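Presented below is the structure to which this report refers.
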Amino acid sequence: MMNFDRRVLLGASAAALLAGTHAARAEDKTPPAAESKKLSEQIADFVVGFDLAAAPPLALERARLAFTDTLGVMLAGSREKVAGLACDMVKAEGAAPVASVVGQSFKTSPQLAALANGVAAHAMDYDFSYIMGQPMVPIIPALLPLAETTGATPSEVIAAYIVGFEVASRMARANPTQSRERGWHAVGTIGTTGAAVACARLMKLPAAAIPDVVGISASLAGGFSSNFGTMTKPLHAGQAARNGLMAALLGRQGFTANPAALEGTNGYFKAFAGGLEVSFAPFHDLGNKLDIVERGFKPKLYPCGGLGHTAIDATLELRPQLLPRIADITGVTASITRYAAQRIGSKYPASVENAKFSMPYVAAYTLVHGAPFLAAFTEDSIHDEKVRAAARLVSVAIDPEFADIYEESPSRIIVTFRDGSKVDKLRYYASGTKQFPLTHEQIETKFMDCAAHAVPKETATKIFAMLQSLGQGPSFEAFWPLVRRA
């Protein structure tokens, strides 16, 4: 079992979060005069110059955790209906069968494999969180088919992943309000370029080609949060993975783009920020500091929208004292942030996809059955009459104490009884953060539970073991047959 550092899961302080949530509307800031290079050129220098051997051990450890978490949820997601529909389309394309699709028995082209892998990775909303949700999820789905078809080594793939993570992190930090204020889905708006530069690194593209890769990927970015709770949300991840790989492949061939496509007039940040403040300061230490070390990320304990996880945790903490009096409960209020309320529905779900973003459902299921793991998000579960009855008691409110917190998502659960008495529980940080890190056992259990949906236990055990030493072996030769479904 991997010796995970307890610092793996990071969160920002409440004060910093509050300070960052009131970004003034302003013109996009240009880089300081000292930074004469365009952003894409700074990125290119980092992509070709990053030295995995010089990276702190924690960077490698966290990259392995990212692969463990993503491969697990990808295997589970491969059995979801949304992944099946995407794979039906992929197979109908009849592409040359050269790249494996995780959790499936067929091969296809690298781009289509990236698409199918990306949909599966985000299908259950179980992939790890960062700023603005899960902007890094397209990177691994894009890297896997490229690694298989190029014969890349595990250490080369680890290095490519860290490169993609760092660039995606800088893009998110440069404009962290584009999702909340503008309605963009960061998986598609940021993950596309993260996947593109990761693929460029794995393909060993020269620095001169990478500004084109960045520019191409910037024009292929997109995705609206209005599609949360539908199959189109995971499609954003699949499309970002495919588009990122396509951008790298085109860039290798000499396909051109504007090297100032990110910061230039009518470029990426101008369009996606839409007048919100943008700071390019996060790019200034690219190559000097690693965000995967300094900031980390947050693996999810529950397979649903991360903005509702503190409400689940708070309900679980209250549950022992609620169960003896459950018949006397007259109301359950989930008091949450304004941003969470924009993303989490206040109605009972009509589908499994809706259930992942329904506060009445996740709160009621947790109260009735306990923690909402994979079994909670099935058709049978959302039609459970006990859960339906409990959900009718749940309402959603904006908590005045932390209404405008953005990067974290605190929740206060308030339970009212028939006699007028109340109990409440505030949970500021979710399971999976630095404050409440997942244990070794939780990480392994999550992977094994997810993998069991697609492969036998013996195979899952082998995959897990390989991922714990990823980067040490000479090749992926034994890996590809394991992740394909027999």
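The values are calculated or read from the model by the stated rules, or taken from the named source; none is laboratory data. Not measured: the values here are computed from a predicted model. Neighbour counts are summed over all protein chains in view; Cβ atoms, including those assigned to glycine, are modelled from backbone coordinates with ideal geometry. With ligands, DNA and RNA removed, areas are computed over all heavy atoms of the protein, side chains included. Shrake-Rupley method; radii C 1.70, N 1.55, O 1.52, S 1.80 Å.
For the reader, a short list of remarks on this structure follows.
- Within straight-line cross-link reach of Lys386, lysines at Cα separation under 19 Å, skipping those fewer than 8 residues along the same chain: Lys347, Lys356
- When Ile190, Ile398 are compared by accessible area of protein heavy atoms, the largest-first order is Ile398, Ile190, using a 1.4 Å probe.
- Computed lengthening from Asp88 to Glu385, 0.36 nm per intervening residue step minus Cα-Cα distance: 103.5 nm
- 5 angstrom amide H check on His453, placed H, neighbours 5+ away: none
- Sorting Lys107, Lys422, Lys298 by solvent-accessible area of protein heavy atoms yields Lys422, Lys107, Lys298, largest first, with a 1.4 Å probe.
- Applying the Karplus relation 6.51 cos²θ - 1.76 cosθ + 1.60 with θ = phi - 60° to the stretch 151-162 yields 3J(HN,Hα) values of x, 5, 7, x, 5, 5, 5, 4, 4, 4, 5, 4 Hz, where x marks Gly and Pro.
- Spatial separation of Cα centroids for the stretch 240-279 and the stretch 415-486, in angstrom: 33
- Integer Hz, Karplus 6.51/-1.76/1.60 couplings in order for the stretch 377-392, x for Gly and Pro: 10, 9, 4, 4, 5, 6, 9, 5, 5, 5, 5, 4, 5, 5, 5, 5
- Cβ-Cβ FRET estimate between Ile326 and Lys289, R0 fixed at 56 Å, reported to 0.05: 0.65
- Of the residues Arg325, Arg343, Arg62, the one with the largest accessible area comes first in the ranking Arg325, Arg343, Arg62, computed with a 1.4 Å probe on protein heavy atoms.
- Unsatisfied cross-links (Cα-Cα over 31 Å) in the set Lys81/Lys446; Lys37/Lys233; Lys204/Lys434; Lys300/Lys457: Lys37/Lys233; Lys204/Lys434
- Hypothetical label at Lys462: residues of the stretch 95-138 whose amide nitrogen lies under 15 Å (7 Å Cα-Cβ projection): 103
- Potential lengthening of the chain between Met448 and Ala403 amounts to 12.5 nm, from the contour at 0.36 nm per residue minus the alpha-carbon distance.
- A simple spin-label model places pseudo-atoms 7 Å from Cα toward Cβ; at His440 and Ala207 they are separated by 4.2 nm.
- Take Glu353: with every protein chain present and a 1.4 Å probe, its accessible area is about 50 Å².
- Hydrodynamic radius of the chain by the Kirkwood approach over all distinct alpha-carbon pairs: 22.6 Å.
- Percent of beta bridges antiparallel (DSSP, the chain, rounded to nearest 5): 70
- By a 1.4 Å probe calculation restricted to protein chains, Met124 has an accessible surface near 10 Å², given to the nearest 10.
- Annotation: Thr333 carries an accessible surface of approximately 40 Å², with a 1.4 Å probe and no ligand, DNA or RNA atoms counted.
- A simple spin-label model places the labels of Ser421 and Thr378 3.7 nm from each other, with each point 7 Å out along Cα-to-Cβ.
- Mean residue ellipticity (222 nm) of the chain, computed from DSSP H runs ≥ 4 via -39,500 (n - 2.57), nearest 500: -14500 deg cm²/dmol
- Packing-based order for 175-181, 466-472, 362-368, using average beta carbon neighbours within 10 Å, highest first: 362-368, 175-181, 466-472
- Computed in the context of the full set of protein chains, the accessible area of the chain at 1.4 Å probe radius has 53% of its extent on carbon or sulfur.
- The modelled label-to-label distance between Gln342 and Ser469, using points 7 Å beyond Cα along the C-beta direction, is 4.7 nm.
- Available extension along the chain between Ala54 and Phe224 is 57.4 nm, counting 0.36 nm per residue and deducting the alpha carbon span.
- Farthest toward positive dipole pole in the stretch 288-384 [+1 Lys/Arg, -1 Asp/Glu at C-beta], among Tyr361, Ser335, Phe373: Ser335
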